[in-house]
Each structure stands twice: as C-alpha cells, then as structure tokens.
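The values are calculated or read from the model by the stated rules, or taken from the named source; none is laboratory data. Just so you know, these numbers come straight off a predicted model, no measurement behind them. Ideal geometry is used to build each Cβ from the backbone, glycine not excepted, and the neighbour counts take in all protein chains shown. In case anyone asks, the SASA skips ligands and DNA or RNA and just uses the protein heavy atoms, side chains included. Shrake-Rupley method; radii C 1.70, N 1.55, O 1.52, S 1.80 Å.
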Amino acid sequence: MTYNGIAMVTGATGGIGEACARRLISAGYRVIATGRNRSRLDALKREYADALLPLAFDVRDSREAAQAVAGLPEDWRRIDVLVNNAGLALGLEPEYEGDIADWDAMIDTNIKGLLYLTRAVVPGMLARGKGHIVNIGSVAGDAAYAGGNVYCGTKAAVKAITDGLRIDVAGSPLRVTLLKPGLVETNFSEVRFHGDSSRAAAVYKGIEPLTGDDIADAMLYAVSAPAHVQVAEMLILATHQASGSVIVRQ
Ligand code: NDP
Ligand code: 8X3
C-alpha cells in the first residue's frame, strides 16, 4: 500500500476530529489519532490497523504533548498534516458569573494545547520543507455571542495565532489553514453543558446542523489543493445560520 503521507489529528476520539481522521485515511494518509479516551482510540486502531497510530495524551500538558511527538516511532515521525482540533466549550454563563475552572480548561486546551502541538510538530515540517497545519477555530472567534465570552475569546486567539504562524512560515512551502465551523452536531454541547443532554439537544433544534463530515470535507479540500494554493481561512455555517448569534430555527 502506498500512502499520501502522515497526518496527526488531535481530538480524534469523536466529532470533527474523528471525521477528519477517517477522511484523511480514506484519502490515503496514515493518521496519528490523539485524545484522552484510550478506549475510543483502541477502537479506531482495531478498525484501521496499520493506517492509524493511537496516541493518548492530554494536550493541556506541555511535557506530555512534547514527549508524545518526540517518542513517535521512526516511521511515523514525518508528519505532513497537523489538524489542531482538540478543544471544548464549558458553560454559557455571563462572564461575571463564569466558573474559573471552566475558563482554565478552555484556555489551556483551545489555546495552549494548540500551541504545544504546533511547537512540537512544525520544526520538523520546516526542516523537511513540507507541511500543512489546519487549525480548528470557530465562528465564535469572529464575534462574541451571549454567554460565549471566554470560549469566543479562545477562538479569537486561535485566529490570531493561526495568522501569526502563516506569517512566520510564509517564506517556506508550508501552508496554514483556519477552519471556522458554525453549529456542528457532535459531543460539543454535551460537554459545554456538563452532560445535560436536553440542554445540548436544544442547541440543534429547528435547524439542520453541520456534521463532522462537512468540516472534514473542507479540511480535505484545503489539504488537497495544489501546492501553490493556500486556503487561508474558511467559515462554514449551517444554511440557516448567519453568524454566531443569528440562527433562524424552523
Ligand atoms: P467533541 O466534544 O465531539 O470532540 C472534542 C475532541 O477534543 C475529543 O476528541 C476530545 O477527546 C478532544 N479533547 C478535548 N479536550 C482534550 C484534551 N485536554 N486533550 C486531548 N484531547 C482533548 O467536539 P467537536 O468535535 O465539536 O469539537 C472539535 C473542535 O471543533 C473544538 O476545537 C471545537 O471548539 C471546535 N468547534 C466545534 C463546533 C461545534 O459546533 N461542534 C463549531 C466550531 C468549532 P478526549 O475527550 O478523548 O480527550
Ligand atoms: C462552536 C460553535 O456557535 O456553538 O464553536 O460557538 S458555537
């Protein structure tokens, strides 16, 4: 079997990350799938065998993240595509009532985790003169919505950090893409509402939301574009969504 290359997808145990991992494997990549949920990673490994390497670590831990990348087996080290997807929202309270532990988790995962992986993987890409970094931002980073405060702030930071990386590697063959999804039905809202399923389901009521596959399609479009084409940014919304706060429910 000939492979297109090696991709690493963070947060591949569900939702958008899992869809990206599956899409990349279908497109001929070998995929390093990361996340904390070992049993989900093991299930993916059973499904994909040699095409997938499960790597369990918490992206919030800078040492764990660096060691996970440094300790990759020799034939998995040349990462061509990094999808920085691991992330979460917690809570929808007004900022003045927010839970500080929730803030820490969002900032540490969505911003610092993305940076740790970028720091660990991009130098190898530069040395090899080949690589594509796809960061998962959000429509939430374009403008704040009610209760979004800190989550929106983390995604605005992802936008700035992605733009900064694109500037830093502009003299190299590397490409940097920011994907900004709108409403995607995944485990995202269950996590946001700390397991309150009825509150999570209400987020997607009266509108046909996006799926992880829709975002994976956009990711693959950017990654498969000719080498001289850099898809810098894509905002992908559900048809009846116009922005983070304008959603027309039927
Ligand atoms: P899910 O909750 O379904 O998936 C989140 C993924 O992130 C899981 O695989 C989870 O893995 C991983 N993750 C979370 N925290 C950590 C951590 N500390 N260390 C390692 N992995 C972690 O949500 P989505 O698929 O929807 O979210 C994926 C990304 O898309 C996030 O960055 C989110 O902000 C963004 N996004 C989502 C939208 C939506 O509407 N769903 C819209 C716009 C952006 P595990 O639990 O195994 O660690
Ligand atoms: C996830 C989309 O609108 O729920 O980033 O913040 S939203």
Residue count, the stretch 14-34, condition without any contact (Cβ under 8 Å) to a residue 60 or more places away in the chain and touching a Leu at 6+ places or on another chain (Cβ under 6 Å), comes to 4
Can we say residue 246 is open to solvent by 50 Å² or more (accessible area, probe 1.4 Å) and within 11 Å of ligand 2 (Cβ to nearest atom)? yes
Residues being open to solvent by 70 Å² or more (accessible area, probe 1.4 Å) and in contact with a Ser or Thr (Cβ under 8 Å, 6 or more places away or on another chain): count how many of those fall in the stretch 99-125. 1
Being crowded, with 17+ Cβ neighbours inside 10 Å, without any contact (Cβ under 8 Å) to a residue 24 or more places away in the chain and part of a helix (DSSP H, G or I) is the filter here; which residues of the stretch 47-83 pass it? 48
How many residues does the stretch 128-154 hold that are surrounded by 19 or more Cβ atoms within 10 Å (Cβ to Cβ), touching a Gly at 6+ places or on another chain (Cβ under 7 Å) and touching a residue at least 60 places away in the same chain (Cβ under 8 Å)? 5
Restricting to the stretch 84-95, count the residues that are over 18 Å from residue 20 (Cβ atoms) and open to solvent by less than 30 Å² (accessible area, probe 1.4 Å). 3
Is one or more of the residues making up the stretch 232-239 more than 16 Å from the chain's Cα centre (by Cα) and more than 12 Å from ligand 2 (Cβ to nearest atom)? yes
